[in-house]
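Peer 1: Right, I'll just put the structure down here and ask away after.
The values are calculated or read from the model by the stated rules, or taken from the named source; none is laboratory data. As the structure is a computational prediction, the values presented were derived from the model and not from experiment. Cβ: placed from backbone, ideal geometry, glycine included. Neighbour counts: every protein chain shown.
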Amino acid sequence: MKIKELRAKAMKLPLTPGVYIMKNDKKEIIYIGKAKALKNRVSQYFGSDKNHPEKVRQMVAHVSAFDYILCGSEFEALVLECSLIKQHKPKYNILLKDDKGYSYIRISKEAYPKLSFEMQKSDDGAEYLGPYMSAWYAKNAVDEAKKIFKLPSCGKSFPRDINKGRPCLNYYIKQCSAPCCGKISQNDYRESVASAVEFLRTGNTDSVKIMTEKMNRAVENLEFELAAKLRDRITAVKRITEKQKVVAANVREQDVISVMTEGGDACFAVLRFEDGRLFDKEDFLIKDIGEQADFGALRREFIQQYYTMRDKIPPIVTVDGEVENEELLAQWLTEKLNQNKKVRFVHPQKGEQMRILDMSKQNAAERLAQSRGHLGHELTALDELAKLLGLSKVPVYIESYDISNLAGTENVAGMIVFKNGRPYKDSYRRFRIKGFVGQDDYASMNEVLTRRFEEYFKNKDSGEGFGQLPDLILLDGGKGQVSAVRPVLEKFGLTIPLFGMVKDGSHRTRAITDEGHEIAITSKRQAFTLVSTIQDEVHRFAIGYHRLARKKKAFSSSLTNIDGIGTERAKALLSYFKTIKRIKEADIEELMNVKCMNRPAAEAVYRYYHYDDGKIIDRTGDEENE
């Protein structure tokens, strides 16, 4: 009833730009949005919810009333929306926690001073450098200074802990001078700290000039040991500088924004460049966005919130996909920049900008993966595969199938599952082909998938095992296998992405195929590695089951050579004892414990494996190793 009333009210709204404000039954604002035509936008919320993401459905379920504010243009509505969201912080809008604050580099006052990164400045008598706006920059600077000047990064205190243990790995890889073992004098240590502070104050270029002058003076004064130490420091600084060039951009000032999603959560990563170099990195976790998120709208909301918190606006914002209302956002950012420069969005497809965007996505993937307890490269590979195959979402749950037989005998199949980019062995399954005798890989694949989805409809309420639908199906084979399975999906009314994995002449993964064309994957390193791993694993699993089936058949055949032992008794013996060796070791009483066995049959088995014309024999060797 409430929804009908709200829809009736929405249908009376004007077709003009404005901002709408959703409220719950406590009159609390729970969502704020803007619209080009208020009637069309607001009425959508209270119509059919079939196309709504889960988060929108939850929000609508809590709406008890709404207000609206008319605006002169859609741009005015955007500006007002940003202002109201910042003021009210509604529950169902994307809300970013801004932990950006000043950070410092601390130099302790003690016999052996230490460098550390601090978020706050304390009145403790220590020396502080800063403040720095970028905590990421300050932390990296401390780490680099410690490596260059070989300062300890452990928690030991000197001179208290000197000579109380062996040096750590950092000493052996020449990243620490090991004061813990007396490898450096106190005076030399303090000089290293002073040089590190000078490096942090002056930066890479100036510190190299200063150290070069000191090195030349040391050579003139025949102080070759000091000159060598300065030379090593200069080399270390230059090495750090070269590493920084890897993330340098030709564009002097820009932000690079990307998003990764998994399991209804998202992470945005922002890389900020100034003077062509990376000077800051931020990431933001956003929970419960839903499985079917609108990425264009998601990026728009994030960009609005992010630049509401930031005064520094770059002229170029590089993003990893479509942004809803991109032109309006660019206009809004241009006015915030206020430097007679126009802000524009860039969507790179190749080259240096694409490389930097990939680096941003890797950071987002790593942060999101950490929050969910697995590895970033696995999520990156899944995202790469999704884009390669044109999937609407990252395939978190992948099923793969392979058929194995020998000239049509012991026809079996293996099903494996990769969850979050890694094997999920709890859901591996084996199938024995039952519908026909002989070799027909296409018919076998059809039968296996039919049986799999029949089990889904029996168990779908559980949401586990066969009760869960995959995000992607990969078949070991080409378009013939895909064509054999497609009717199965159509029969059950399922729209699951389906592809085959094609191998080259050396039995290595070459491409992915559907029924129409092949998709080369060799250029996508992480996706290629993932698909190759899946194909190798499903082949291993299927052929392992085939070999086991052949072995059991061979064992069963040997048992049926015994007088009085037919197929049923052979199966019962193998089921009970598991191996021929254990059957051979059993006495007559133990053999009689098996269902279907009587004393004459047990005695026949015992005689077969122990006596022949009064001589003791062993008939198990070849059978056990077959």
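Peer 1: Can you go through GLU28, GLU5 and tell me which one is of a type in the set (D, E, K, R) and over 39 Å from the mean Cα position of the chain (by Cα)? I'd like the intermediate steps shown before the answer.
Peer 2: Working: GLU28 fails: over 39 Å from the mean Cα position of the chain (by Cα).
Exactly one residue qualifies, and that residue is GLU5.
Peer 1: Out of all the residues in segment 378-388, is one or more of a type outside the set (Phe, Trp, Tyr), in contact with a Cys (Cβ under 8 Å, 6 or more places away or on another chain) and closer than 30 Å to ALA269 by Cβ?
Peer 2: No, the conditions are met nowhere in segment 378-388.
Peer 1: Continuing with the same structure: Kindly list the number of the only condition in (1) surrounded by 19 or more Cβ atoms within 10 Å (Cβ to Cβ); (2) in contact with a Phe, Trp or Tyr (Cβ under 6 Å, 6 or more places away or on another chain) that fails for TYR307.
Peer 2: Single failed check for TYR307: (2).
Peer 1: Please indicate, with yes or no, whether at least one residue in segment 124-139 is touching a Ser or Thr at 6+ places or on another chain (Cβ under 7 Å), in a helix (DSSP H, G or I) and in the same structural domain as LEU230 (by TED's automatic domain parsing).
Peer 2: Looking for residues that are touching a Ser or Thr at 6+ places or on another chain (Cβ under 7 Å), in a helix (DSSP H, G or I) and in the same structural domain as LEU230 (by TED's automatic domain parsing), one finds at least one in segment 124-139, hence yes.
Peer 1: Say we look at segment 1-27 and pick out the residues that are touching a residue at least 60 places away in the same chain (Cβ under 8 Å) and surrounded by fewer than 20 Cβ atoms within 10 Å (Cβ to Cβ); which of these is nearest to ASP67 (Cα to Cα)?
Peer 2: Ranking the qualifying residues of segment 1-27, first place goes to ILE21.
Peer 1: I'm told ALA484 meets every condition in (1) in a loop (DSSP other than H, G, I, E, B); (2) touching a helix residue (DSSP H, G or I) at 6+ places or on another chain (Cβ under 6 Å); (3) closer than 19 Å to TYR401 by Cβ except one. Can you identify the failing condition by its number?
Peer 2: Condition (1) is where ALA484 drops out.
Peer 1: From the list ARG344, ARG372, ARG367, pick out the single residue that is in contact (Cβ under 8 Å) with a residue 24 or more places away in the chain and over 29 Å from GLU253 (Cα atoms).
Peer 2: ARG372
Condition check ((1) in the same structural domain as GLN535 (by TED's automatic domain parsing); (2) out of contact with any helix residue (DSSP H, G or I) (no Cβ under 6 Å at 6 or more places or on another chain); (3) under 30 Å from GLY373 (Cβ atoms)) across all residues:
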{"residue": "GLU399", "(1), (2), (3)": "yes, yes, yes"}
{"residue": "ASN405", "(1), (2), (3)": "yes, yes, no"}
{"residue": "LEU449", "(1), (2), (3)": "yes, no, no"}
{"residue": "GLY477", "(1), (2), (3)": "yes, yes, no"}
{"residue": "GLY493", "(1), (2), (3)": "yes, yes, no"}
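Peer 1: Looking at segment 111-123, which of the residues that are in contact (Cβ under 8 Å) with a residue 24 or more places away in the chain and either assigned to a loop (DSSP other than H, G, I, E, B) or of a type outside the set (Gly, Ala, Ser) (or both) is farthest from GLU191 (Cα to Cα)?
Peer 2: Looking only at segment 111-123, we keep the residues that are in contact (Cβ under 8 Å) with a residue 24 or more places away in the chain, and these are 111-117.
Remaining after also requiring either assigned to a loop (DSSP other than H, G, I, E, B) or of a type outside the set (Gly, Ala, Ser) (or both): 111-115, 117.
Working: ALA111: 12, TYR112: 10, PRO113: 10, LYS114: 12, LEU115: 13, PHE117: 20 Å.
Filtering segment 111-123 for residues that are in contact (Cβ under 8 Å) with a residue 24 or more places away in the chain and either assigned to a loop (DSSP other than H, G, I, E, B) or of a type outside the set (Gly, Ala, Ser) (or both), the one farthest from GLU191 (Cα to Cα) comes out as PHE117.
Residue-by-condition table, conditions (1) modelled with pLDDT under 90; (2) outside the structural domain of THR16 (by TED's automatic domain parsing); (3) in a helix (DSSP H, G or I); (4) crowded, with 16+ Cβ neighbours inside 10 Å:
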| site | (1), (2), (3), (4) |
| --- | --- |
| ILE30 | no, no, no, yes |
| VAL42 | no, no, yes, yes |
| GLY47 | yes, no, no, no |
| LYS50 | yes, no, no, no |
| VAL56 | yes, no, yes, yes |
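Peer 1: Another question, then. Could you list all residues from segment 160-211 that are touching a residue at least 60 places away in the same chain (Cβ under 8 Å) and buried (at least 16 other Cβ atoms within 10 Å of the Cβ)?
Peer 2: PRO179, TYR189, VAL193, ALA196, VAL197, LEU200 - these are the residues of segment 160-211 that are touching a residue at least 60 places away in the same chain (Cβ under 8 Å) and buried (at least 16 other Cβ atoms within 10 Å of the Cβ).
Peer 1: Determine whether segment 342-360 contains at least one residue that is buried (at least 21 other Cβ atoms within 10 Å of the Cβ) and not hydrophobic (A, V, I, L, M, F, W, C).
Peer 2: yes
Peer 1: Out of all the residues in segment 36-61, which are touching a residue at least 24 places away in the same chain (Cβ under 8 Å) and over 18 Å from ALA8 (Cβ atoms)?
Peer 2: Result: LYS36, PRO53, GLU54, LYS55, VAL56, GLN58, MET59.
Peer 1: Go through segment 147-159 and report how many residues are out of contact with any Cys (no Cβ under 8 Å at 6 or more places or on another chain) and surrounded by 15 or more Cβ atoms within 10 Å (Cβ to Cβ). Step through it out loud before you land on a result.
Peer 2: Looking only at segment 147-159, we keep the residues that are out of contact with any Cys (no Cβ under 8 Å at 6 or more places or on another chain), and these are 147-149, 155, 157, 159.
Those still in the list that are surrounded by 15 or more Cβ atoms within 10 Å (Cβ to Cβ) too: 147-149.
Number of matching residues: 3.
Peer 1: Quick one: which of ARG201, ARG160, ARG190, ARG217 is assigned to a helix (DSSP H, G or I), farther than 21 Å from VAL142 by Cα and in the same structural domain as ASN140 (by TED's automatic domain parsing)?
Peer 2: Values: ARG201 fails: farther than 21 Å from VAL142 by Cα; ARG160 fails: assigned to a helix (DSSP H, G or I); ARG190 fails: farther than 21 Å from VAL142 by Cα.
After ruling out the rest, the residue left standing is ARG217.
Peer 1: Let me ask something else. With (1) over 25 Å from GLY480 (Cα atoms); (2) modelled with pLDDT under 75 as the list, and LEU559 as the residue in question, which single condition is left unmet?
Peer 2: Evaluating LEU559 over (1) over 25 Å from GLY480 (Cα atoms); (2) modelled with pLDDT under 75 leaves (2) as the failure.
Peer 1: Something else now. So, GLU81, is that one of a type in the set (D, E, K, R), surrounded by 19 or more Cβ atoms within 10 Å (Cβ to Cβ) and not assigned by TED's automatic domain parsing to the domain that holds LEU200 or not?
Peer 2: Answer is yes for this residue.
Peer 1: For the condition modelled with pLDDT of 90 or more and touching a Lys or Arg at 6+ places or on another chain (Cβ under 8 Å), what is the one hit in ASP471, ASP504, ASP514?
Peer 2: Only one candidate passes the filter, namely ASP471.
Peer 1: So which helices (runs of 4 or more DSSP H) stay within segment 221-339 end to end and still have 3 or more residues that are charged (D, E, K, R) and at pLDDT 90 or above?
Peer 2: Correct list: 295-309, 326-337.
Peer 1: A follow-up question, please. Could you check segment 487-526 and list, in sequence order, the residues that are assigned to a helix (DSSP H, G or I), of a type in the set (D, E, K, R) and under 22 Å from the mean Cα position of the chain (by Cα)?
Peer 2: ARG525
Peer 1: Is segment 375-388 home to any residue that is in contact with a Ser or Thr (Cβ under 6 Å, 6 or more places away or on another chain) and either over 22 Å from ILE521 (Cβ atoms) or not assigned by TED's automatic domain parsing to the domain that holds VAL259 (or both)?
Peer 2: Within segment 375-388, none of the residues are in contact with a Ser or Thr (Cβ under 6 Å, 6 or more places away or on another chain) and either over 22 Å from ILE521 (Cβ atoms) or not assigned by TED's automatic domain parsing to the domain that holds VAL259 (or both).
Peer 1: Is it true that some residue in segment 441-462 is buried (at least 16 other Cβ atoms within 10 Å of the Cβ) and outside any helix (DSSP H, G or I)?
Peer 2: no
Peer 1: Would you confirm whether any residue within segment 114-122 is at pLDDT 85 or above, among the aromatic types (Phe, Trp, Tyr), touching a strand residue (DSSP E or B) at 6+ places or on another chain (Cβ under 8 Å) and closer than 19 Å to TYR306 by Cβ?
Peer 2: Looking for residues that are at pLDDT 85 or above, among the aromatic types (Phe, Trp, Tyr), touching a strand residue (DSSP E or B) at 6+ places or on another chain (Cβ under 8 Å) and closer than 19 Å to TYR306 by Cβ, one finds none in segment 114-122, hence no.
Peer 1: Output the residues belonging to segment 396-429 that are modelled with pLDDT of 90 or more and under 12 Å from HIS546 (Cβ atoms).
Peer 2: Selection gives ASP402, GLY414.
Peer 1: For segment 379-432, what are the residues that are β-branched (Val, Ile, Thr) and within 13 Å of the chain's Cα centre (by Cα)?
Peer 2: If the condition is that a residue be β-branched (Val, Ile, Thr) and within 13 Å of the chain's Cα centre (by Cα), then THR380, VAL394, VAL396 are the ones that fit.
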